[in-house]
Every structure is written in C-alpha cells, then in structure tokens.
Amino acid sequence: MPALRYLDWFLFSLSRAFCSPLAIFIQIQGCVICLALAIGWAFAAFVRNREIKRMKNSMRAGNSFAFLFHDITELEHSNQVNLPRVTVVMPLKGFGEHNLHNWRSQITSLYGGPLEFLFVVESTEDPAYHAISRLVTEFKDDVDARVIVAGLSTTCSQKIHNQLFGVEKMHKDSKYVLFLDDDVRLHPGSIGALTAEMEKTPEIFIQTGYPLDLPSGSLGSYCIYEYHMPCSMGFATGGKTFFLWGGCMMMHADDFRYDRYGVVSGLRDGGYSDDMTFAAIAGAHKRLITSPPVAVFPHPLASDLSFSRYWNYLRKQTFVLESYTTKVNWIMNRALFSSHCYLSWGFVAPYLMAMTHVAAALRIYIRGYAHEETIFVSNGLLLVTGLAVCTFIELFSMWNLTRIEVQLCNMLSPEAPQLSLATYNWVLVFIAMLVDNFLYPISAFRSHFSQSINWSGIRYHLKNGKIYKIERSKGKGPIYTDLGGKHLYGKKGAPPKTSFLGSLVKSLAQWRQPKKFDG
C-alpha cells in the first residue's frame, strides 16, 4: 500500500507539473505541429488529386492512353520521332527481393524517343552484376541497355562514383540524363512525362520525384514510411520546389559534359550525397528544381525490414546533414538539424505528458479520490482531449494523401498489380510516428559527433563536409542494405549456375536466417 500511495503521489505531482504554463505551451505546440502536418498533407493531396481528375477527364474524352499523355495527339508518329535522346544511369549495389520487378518497370518504359540504360556496378563480384546481366540479355533485342563496371571510388561515395562513371559512358547525342535508384518502380509514362516537362521549360535544372512507401508490416518499415511522409508535401507542389530526392533526378546532359555550375567537380571532390550536393548547387546559382504531379513512385520495403536496419537507414539520413559544399550550405544544414531536432521532440513530448495525465486520471477513478483533491487532473484531460483531436486530424490527412497517391499510382501503371490501402496498419503508423520522432535527434547528434558512417559495407569519414577517408572491410560490416533487404556480397567468378528464380528463392531463404545478419 505505501508503494501504491507513493506512485499516486508521483503521478499527481507530474500531472500538476504538466499543467504549468511552460508545459501547456509544449502541449499546445504539439497540437500545432499535428495541424501543420495535416494542412501540408491536405495541400499535397489536392495537387495529386487534381492530376487524377485530369486523367479521368481525358479518359472520358476518349483517350485510353491518358496514363501516358493527356493529349492523345502526342502519340502521333510526327511527335514521337522528334523526342530527345535520354540516358538512364542507375548505380547498383546488391540484389534483393524487389529489384527484379523494379528493373523491369524501368527498362520496359513506353518512352517513344531514343533511350539507353546504363547499369553501373563497382565490380563483377556484386550480386547485382549477374542479376542485371541476365535481365539485359533477356531484353537485348528490345532495349538499349548495358552493364558497366566502374571500379572502386577513392574521392567520393561509391554511388556518386558510379553515377559519374555512367555519365562518362552515355551516348554523345543524349540531351537528358536520368539518375535512378535501383529501388524505384517507374510507371510506363514516367520518363516521357519528365522529358516533356524539360522540353516545355528549358530553364529547369533538375526534375525530381518522390517514393510512396509500401510498408511490409514490421515496425521498422512503418518508421520508414512515417519518416518520408512529412517530406512528401515538399514534392507534391506540381511545379517548383526546393526539395530533391536522389532516387529520381533528370538533368541536362550538357551540364555534366561541361561541368556547369560545378556539378561534376562538386560530386567528385569529396561528395557524399548526390541530392544534397545538387540542391546546394541549385540554391547557390538560383537554378530551378521542379517535381511534376505524376512523379510519385511505388517503393516496396523489404519483407523482413528489421528495426536495426531502420536505425541504420535513419543514421544515414541524419548523416547527410553533416556534408556540405559551401558556408551557406553548412548554415542551412545546421538550421535543418536544429529545427528538425526541436520539432521531433516537440512532437513527442506532448504524448508523454498526455500519458501521465491519463494514468493519473485512472488512478483517481480506481482509488476514488475526492474531486477537490485532484482538480488539476481535469485540466490535464482537457489538454489530452485537444491532442487526441489534433492527432486524429493528422492521421486522417496522412491516410487521405496515401489513399490518393495509391490511386494515382494505380492509374499511372494500369498493367501492374494494383496497390491497396488495406495493407496499411494505422495503429503501427501512429506508434512509428512517436518512435521515429523520438529517435531522430539521437541519431542526428550521434552523426554530428561521429563524422563517419557505414553505407552498404563502406565506411566514409568526413572533414569540413567532404569525404576524406574511405574504409572497406568486406564481410565485416552489414551484409544487407537497409530498405530493400539486398544481399551486398557475392562470390567471385562466373555467374551462379542456378536459375534466376532459384537465386531469388535462395536469397529469400537466407533473409529468414537469425537476425545476427542484420547490420
């Protein structure tokens, strides 16, 4: 009994403290953050839904190819024959359960102009090399695609090294280069839509898009989904944006041929993050970044995405803010660092206070305390009620945006298996919101003080925002990447004798091994 009495005293003291002016401000601030996110997602939903309505109107007018062009006359030969040449450069690392589907969606594009695909690996030992080589062989009579070996990076991240190597090998007549990550699932008309915007607005420096995460069911996968959702509103403008996603970036090929604005040297000389470097260059030179409303891509997450792999991914995302190219870029990164950390814990704190208020109210109900002794708890419950209402509005807005993006993706890829919102667990979404926002500042501070990161088995060290040291220790780091569950290491020598399907089944079997393999 004394222990329970002490617990009651502790809960009531906390509940009373959480009714102070400062605590009330923090709880109201949490409500404001929820409502701000809800408004942002509502605007993003409006932009995406407007595109859905345009496609439906076009279909009602008799255009059954509205998922490619709003104006069916664009499909006429006289228009298609004049389309510019595009080179798609895709840096590869490892092979996982969704890569085959993603790669097929990319090379089977319905773009009508000259198109080449350059799949870039660091070595023939990479499991991706044999997997993509077989796929390229399968489509050799229909698609202009090559697999090229870039070798190991020495002055920048391996991904950037592969991208720049691919740019060096692109066709001399290519007008645009499209950088894609290997976890991007394109729609049949994606390349055509991006190219059309570039042709219509030549002053565009970069066109980008954003992924729609498809959680696999684990808490880690929902944390990834929740982490990406606030950023999605910055990509759903239907035009100009300040945001950039490295998974999809279309640029002018001549910018790389002539190193305009330092796009090549900025990446090559110590570059860690491609999108952050390009965004800094665009800001410094007042260049235009746009994101068309159709540039939203399904992003299936690994079926066994563990919490530890989510943490590694979060570490890489916060580490990006430690890289920079100029003093202004450094200041902006520090501002992002500070504001994100403040808002993350500012979002979580009200829920911790709400739990205290609710626990205190339950103790009052169970123990039957007099009302006059616990009047402060009633005030706390009013704050809890307000937070609950704001949370519901926020989750509804997130659900609505996800629903519309699922519908848009289904319309843009009518031949693909249809996505469904029914697979989303919204209780886990709410838990992921709390977990992710609680862990973000911890990850950010760790990144700031460590100044090094393990990315796909390679450890990069930064100094003054640039990579100055690269360490490779094959077999001693994680053997899986974070989101796609891709196996990073293969065996040296000839391609495996088993069938492609057999290799995939074997990989799936390995993924079900104990979690000691999760890095």
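The values are calculated or read from the model by the stated rules, or taken from the named source; none is laboratory data. Keep in mind that what you see is a predicted model, and the values were worked out from it rather than measured. Using ideal geometry, Cβ is built from the backbone for each residue, glycine included, and neighbour counts are taken over all protein chains shown. The area values use the complete protein model at the heavy-atom level, side chains included, leaving out ligands, DNA and RNA. Shrake-Rupley method; radii C 1.70, N 1.55, O 1.52, S 1.80 Å.
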> Of all residues in the stretch 129-146, how many are open to solvent by less than 30 Å² (accessible area, probe 1.4 Å) and more than 19 Å from residue 169 (Cα to Cα)?
Replying inline: 3
> Does the stretch 312-330 include one or more residues that are surrounded by fewer than 19 Cβ atoms within 10 Å (Cβ to Cβ), at pLDDT 90 or above and farther than 15 Å from residue 454 by Cβ?
Replying inline: yes
> Here are 209, 112, 192: which of them is at pLDDT below 90, under 25 Å from residue 409 (Cα atoms) and not aromatic (Phe, Trp, Tyr)?
Replying inline: 112
>> Please return the ranges of strands (runs of 3 or more DSSP E) entirely within the stretch 109-227 where 3 or more residues are among the charged types (D, E, K, R) and within 23 Å of the chain's Cα centre (by Cα).
In response: none
> How do the pairs read when you match residues in the stretch 74-89 that are closer than 24 Å to residue 172 by Cβ with residues anywhere that are in a helix (DSSP H, G or I) and not hydroxyl-bearing (Ser, Thr, Tyr), using Cβ under 6 Å and keeping only pairs 6 or more apart or on different chains?
Replying inline: 89/163; 89/166
>> So, in the stretch 156-213, how many residues would count as being basic (Lys, Arg) and within 28 Å of residue 286 (Cβ to Cβ)?
In response: 3
> Across the stretch 219-240, which residue is surrounded by the fewest Cβ atoms within 10 Å (Cβ to Cβ) among those that are more than 22 Å from residue 423 (Cβ to Cβ) and not hydroxyl-bearing (Ser, Thr, Tyr)?
Replying inline: 240
> In the stretch 44-93, what residues are surrounded by 18 or more Cβ atoms within 10 Å (Cβ to Cβ) and hydroxyl-bearing (Ser, Thr, Tyr)?
Replying inline: 58, 87
>> Could you go through the stretch 23-35 and let me know if any residue there is open to solvent by less than 70 Å² (accessible area, probe 1.4 Å), touching a residue at least 60 places away in the same chain (Cβ under 8 Å) and among the small types (Gly, Ala, Ser).
In response: yes
>> Return the residues of the stretch 291-310 that are open to solvent by 20 Å² or more (accessible area, probe 1.4 Å) and in contact with a Leu (Cβ under 7 Å, 6 or more places away or on another chain); say none if nothing qualifies.
In response: 294, 307
> Name the pairs whose Cβ atoms lie under 9 Å apart, with the first residue in the stretch 244-265 and in a helix (DSSP H, G or I), the second β-branched (Val, Ile, Thr) and open to solvent by 30 Å² or more (accessible area, probe 1.4 Å), and 6 or more positions between them or separate chains?
Replying inline: 262/325
>> Just to be sure I understand, how many residues within the stretch 459-480 are modelled with pLDDT of 60 or more and either more than 26 Å from residue 99 (Cβ to Cβ) or of a type in the set (Ser, Thr, Tyr) (or both)?
In response: 12
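To keep it simple, each residue is scored yes or no on (1) under 23 Å from the mean Cα position of the chain (by Cα); (2) modelled with pLDDT under 90; (3) of a type in the set (Ser, Thr, Tyr).
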residue: 405; (1), (2), (3): yes, no, no
residue: 414; (1), (2), (3): no, no, no
residue: 424; (1), (2), (3): yes, no, yes
residue: 429; (1), (2), (3): yes, no, no
residue: 441; (1), (2), (3): yes, no, no
residue: 446; (1), (2), (3): yes, no, no
residue: 492; (1), (2), (3): no, yes, no
residue: 517; (1), (2), (3): no, yes, no
>> Against the condition within 20 Å of residue 169 (Cα to Cα) and touching a Gly at 6+ places or on another chain (Cβ under 7 Å), how does residue 114 come out, does it pass?
In response: no
>> Yes or no: the stretch 41-64 includes at least one residue that is under 30 Å from residue 348 (Cα atoms) and of a type in the set (Val, Ile, Thr).
In response: yes
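Just to check your reading of the model, which residue among 327, 316 is of a type in the set (Lys, Arg) and either touching a residue at least 24 places away in the same chain (Cβ under 8 Å) or under 17 Å from residue 441 (Cβ atoms) (or both)? So that I can check it myself, show each step before the final result.
Working: 327 fails: either touching a residue at least 24 places away in the same chain (Cβ under 8 Å) or under 17 Å from residue 441 (Cβ atoms) (or both).
Unique residue meeting the criteria: 316.
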> Looking at (1) small (Gly, Ala, Ser); (2) surrounded by 18 or more Cβ atoms within 10 Å (Cβ to Cβ); (3) at pLDDT below 95, which is the only condition residue 38 fails?
Replying inline: (3)
